[in-house]
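Please treat every number below as a calculation from the coordinates, not as lab data. These figures come from a predicted structure and were not determined experimentally. Don't worry about glycine lacking a Cβ; one is built from the backbone with ideal geometry, like all the others, and counts go over all protein chains shown.
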Amino acid sequence: MALLVAGFVRPEAFPVLAVADATVDLSPQPVVDFAKETLGFYDKPVLVGGVLVVLAGVAAAIGVLSTRRLAYGFAGLGVFGVVGVLAVVTRPDSTGVLDALPTLAGVAAGAWMLSWLVRRAAGEPGTQTSAATAHGTHAADATAPGAQAAAGTAPGAQAAAGSAPGAQAADATPHGTTAAGRDAFDRRRLLTGVAGGVAVAGASALLGWQIGDRRTVSAARVRLALPKPATPAKPIPVAADFRISGLSPFITKNQDFYRIDTALIVPQVDPNQWTLRIHGMVDRPIELTYADLLKMPLTEADVTLTCVSNEVGGDLVGNARWLGVRMAQVLRQAGLQANADMLLSTSADGFTCGTPVDVVMDGRDALFAVAMNGEALPVDHGFPVRQVVPGLYGYVSATKWVVDIKVTRFDRDEAYWTPRGWSAKGPIKTQSRIDVPKPQDSLKSGRTTIAGVAWAQHTGIDAVEVRVDNGEWRQARLAEVPGPDTWRQWSLDWDATPGRHTIQVRATDAAGHTQTEQPAPPAPDGATGWHTLTVQVT
Ligand SMILES: Nc1nc2c(c(=O)[nH]1)N[C@H]1C(S)=C(S)[C@@H](COP(=O)(O)O)O[C@H]1N2
Ligand SMILES: [Mo]
């Protein structure tokens, strides 16, 4: 409960962390140094774990006391709360009395839990004990308004506050006898009650943790000032965008950009904690911080991203302006060994991706990207750092929340999707899509526009052809592009006659390859076939 409220108030105001920090401050320096040296990276988790163990012990003691007399339990909780509040508000970074809320909410939830458990174990709704103490514990009562204030913002807190009427039920039947109540203690009811309580507390803690992380990371993201690119993107030609209604704009807005990942909960990675480790078949393993990365020269590039799962005519494709450090430059710092052919990248949530070394090192704008369309990467799109490699499907190149790269070989390692039926390598297949008209459109006869986008990243689109009702292929007009790494708009005027018509499109890339008519599903390495749709003209 305290964590849940801390998630909303201020993650640093979670009392367990504050007590842990205060413990460090109050400990003699040699003890602190010893702990840091022996525990190293794990000093924080061990410390917090220690506080939690002490907490559990005290909670158990309070629980035992409460079975004798509930007031003892409430008194124990009160002392607990005072220690927690003191620790929180005396932290140097405390922002004031609001920081006491998480602790107070935790204590209030604890008090409520305690009386509920004791009543539950007593086997009947209300004993002399609980009825008497419901009014006698001013310490617990005093915290209730704080909990209620929090209840307004936290659904979890509302659940706790909402069940407070249960306490009133106890008052309503103040007729049990104290002795009988204690003798009738039901172990099973007590244990199941405790289990339920622990489950609810655990769920609230997880939720609070997640909300706290989200707030920390989104605050850090907003504060970021992005450096200027050393190599700016080529200006986008005015003629890159036909501005036809219904046609995908040349640049896809961040909020419209497709999102694909395996994350049930989007990783919240604090840029101040982020590092990128590069190891494996390298001469010098390195580990970069976010600040290290931003000190390197930044490249800006317009690159179209495509998902291998995109069906012919599908919308898992988008074009954005990325800002980042060239992967090749970072990898050269580590010194790639000659026989390495795969970069096995890992995300903060354990997804892996295998990218061919030669593609990343051949001079194209393969980036460790930090920004998308002029703002820090959206969290959903990989904040703080993701990979972008023109010419490869996302599943083999575009690792979001990237934290680790193992330089290795395709015959030694496998990335996430490979054992799941997808090809180890995934160069993007030349594709084209009709955006207007839409399949469901019913058109008026006469001159109308057929338009769409075509892509063959890092090769470029040379021609797009359209045919209606299996007639002659006609050349579409092509929009301009800043380079070969983006999609290309196309359009064609059509004199529509009444009736049903089938429209088809196919593209030819700059390598002279024309899309095959042969349909193939997305698995294992990308769909093929011509986007075909039928419209009704009246
Ligand atoms: N961490 C992580 N990165 C990932 C993925 C993932 O599941 N986890 N999916 C990849 C796939 S399949 C694609 S198509 C792109 C999509 O990037 P986007 O969500 O920014 O459009 O991210 C790639 N990067
Ligand atoms: Mo994908």
| query | Could you list, bin by bin from short to long, the percent of Cα-Cα pairs of the range 246-318 in 5 Å steps? | reply | 3, 10, 13, 14, 17, 20, 12, 7, 3, 1, 0
| said: For the pair V82/L264, report the inter-label distance in nm, with labels modelled 7 Å from Cα in the Cβ direction. | reply: 4.3
| message | Report, in listed order, any pair from K228/K429; K253/K438; K234/K438 with a Cα-Cα distance greater than 25 Å. | response | K228/K429; K234/K438
| request: Just check the range 344-420 against the gyration tensor rule for me: Cα atoms, a ≥ b ≥ c as the square roots of the eigenvalues, rounded for a/c under 1.5, and otherwise prolate or oblate depending on whether a/b exceeds b/c. | output: oblate
| How long is the gain from K295 to T90 if the chain were fully straight, where each residue apart is worth 0.36 nm and the alpha carbon distance is subtracted? | 70.1 nm
| said: From zero outward in steps of 10 Å, how is the percent of C-alpha pairs of the range 431-537 spread across the bins? | reply: 15, 46, 30, 9, 0
| said: From the gyration tensor of the Cα coordinates in the range 270-414, what semi-axes in whole Å does the equivalent ellipsoid have, largest first, with each one equal to sqrt(5λ)? | reply: 22, 19, 14
| Relative to the Cα centre, what is the charge dipole magnitude of the range 426-538, using +1 at the beta carbon of each Lys and Arg, -1 at the beta carbon of each Asp and Glu, and rounding to the nearest 20 debye? | 300
